[in-house]
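Read the structure below first, then the notes.
The values are calculated or read from the model by the stated rules, or taken from the named source; none is laboratory data. Everything numeric here is computed off the predicted structure, so don't read it as measured data. In this analysis, Cβ positions are derived from the backbone assuming ideal geometry, glycine residues included, and neighbour counts consider all displayed protein chains.
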Amino acid sequence: MLSPEAERTAAVGVSKLPQTMLALVKDAPGPGASLREIPVPEPGPSEVLVRVEAASVCGTDLHIERWDPWAEENFGPLPMTFGHEMAGTVVARGQGATRVALGALVAAETHLVDWTCYQCRTGRAHICRSLRILGVHAPGTFAQYAVIPETNAWVTEGLGPEVAALQEPMGNAVHACFVEEIAGQTVAVLGCGPIGLMAVAVAQMAGARRVIATDVNPERLAMARRLGAHEALDAHDDVAGRLRELTDGDGVDVVLEMSGSEAALHQGLAAITNGGRVSLLGTHAAPATIDLSEEIIFKGLRIYGITGRRLFETWYRTTALLEEGLDLSPIITHRLPLAQYEKAFTLVAEGHAGKVVLLPQQG
Ligand SMILES: [Zn+2]
Ligand SMILES: [Zn+2]
């Protein structure tokens, strides 16, 4: 058994781990962030230290960078590193962390759960009562090194770090798709941000009869077509009418609502076949008004709220789809060193990007 120090040294080969690292830190309330030199964290009991090879930018990170009311209420304590979608190499293990090998490439499940509450003990840890999120309630992964619980480390050999990092948001898409059968079904994906685009690819590969995507952004509609959407519709048009036309008047079997737009939600509820199923993943900035009787009850719909990924059933499916050839590369439009974080956030905010991946080892 090596001492922790010897183990750290062994993990990185000849060179020892550095004492300090670059990290993107939110250090005060208000917009912006700072690239800082801070100590490399130590893994505590049952934790692993990961050298972050790729960390993709999520809408959540933009909320934190811009410091909206949600961030104000949820993020911290300040100062704290943010970022959560990542993959990297395990370079040290805390006491009792023995499952994941040193040198393994891992992605992070970003829901930090207690494994003791009612939900966790009944197979629903993704909605743990004391849920905390990596990079929101605990130091995150826009850094050269990050500590995560060993149970959250998803070992991923055979995928590059950029795609490995995308398993976390892709898991949301997989969860939304597979909450019920999708093979042979006609599927409408409303909203083609990165998770919507991933849902297009997942539904297509899982054997959906037809996948029809909608968005207001023509660049995203073009990406949806590249990822296998049979049709990509401008959400300003008569989407419900067009979806009915494309299904011989029946309406679609499945609606995956990924946009968080109330208008899109109504389009989906108007276009779905009686007895269809809706997965709601897009979050709404304000309460939506729905006619429950006409839009849901009399149509006999099944509505699912989708958050996070099922631990770890969704991860097995996600990795399997990638290993079987699902290609996320059209979604990755930009790769940038950590120091270019401002450009990364601007790209995401302006909607001209698919997924933007930061590469912390490039500085
Ligand atoms: Zn995210
Ligand atoms: Zn729990």
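Computed quantities for the displayed model
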quantity: Selection within the stretch 110-119 - touching a Lys or Arg at 6+ places or on another chain (Cβ under 7 Å) and either touching a residue at least 24 places away in the same chain (Cβ under 8 Å) or at positive phi (or both); calculated: L112
quantity: Cross-chain or 6+ apart pairs with Cβ under 7 Å, the stretch 297-311 first and under 14 Å from L112 (Cα atoms), then in a loop (DSSP other than H, G, I, E, B); calculated: R309/E109; L311/E109
quantity: Filter pass, L256 being in a strand (DSSP E or B) and in contact with a helix residue (DSSP H, G or I) (Cβ under 8 Å, 6 or more places away or on another chain); calculated: yes
quantity: Filter result for T156 (of a type in the set (S, T, Y) and away from ligand 2 (no atom under 16 Å from the Cβ)); calculated: yes
quantity: Test result for F75, aromatic (F, W, Y), more than 16 Å from ligand 2 (Cβ to nearest atom) and out of contact with any strand residue (DSSP E or B) (no Cβ under 8 Å at 6 or more places or on another chain); calculated: no
quantity: Filter pass, V202 being part of a helix (DSSP H, G or I) and over 23 Å from L347 (Cα atoms); calculated: yes
quantity: Residue among A183, A240, A199, A263 that is outside the structural domain of A108 (by TED's automatic domain parsing), at pLDDT 95 or above and surrounded by 19 or more Cβ atoms within 10 Å (Cβ to Cβ); calculated: A199
quantity: G191 being surrounded by fewer than 19 Cβ atoms within 10 Å (Cβ to Cβ), more than 14 Å from ligand 1 (Cβ to nearest atom) and on the phi > 0 side of the Ramachandran plot; calculated: no
quantity: Entirely in the stretch 259-363, the strands (runs of 3 or more DSSP E) that have 1 or more residues that are of a type in the set (F, W, Y); calculated: 302-305
quantity: Those residues of the stretch 26-40 which are under 24 Å from the mean Cα position of the chain (by Cα) and surrounded by fewer than 21 Cβ atoms within 10 Å (Cβ to Cβ), in sequence order; calculated: P31, G32, S34, L35
quantity: Criterion: modelled with pLDDT of 95 or more, in the same structural domain as A28 (by TED's automatic domain parsing), among the hydroxyl-bearing types (S, T, Y) and within 13 Å of ligand 1 (Cβ to nearest atom) - qualifying residue of T110, T89, T116; calculated: T110
quantity: Test result for P79, more than 11 Å from ligand 1 (Cβ to nearest atom) and without any contact (Cβ under 8 Å) to a residue 24 or more places away in the chain; calculated: no
quantity: Out of G103, G96, G83, sole residue that is more than 23 Å from M21 (Cα to Cα) and of a type in the set (G, A, S); calculated: G96
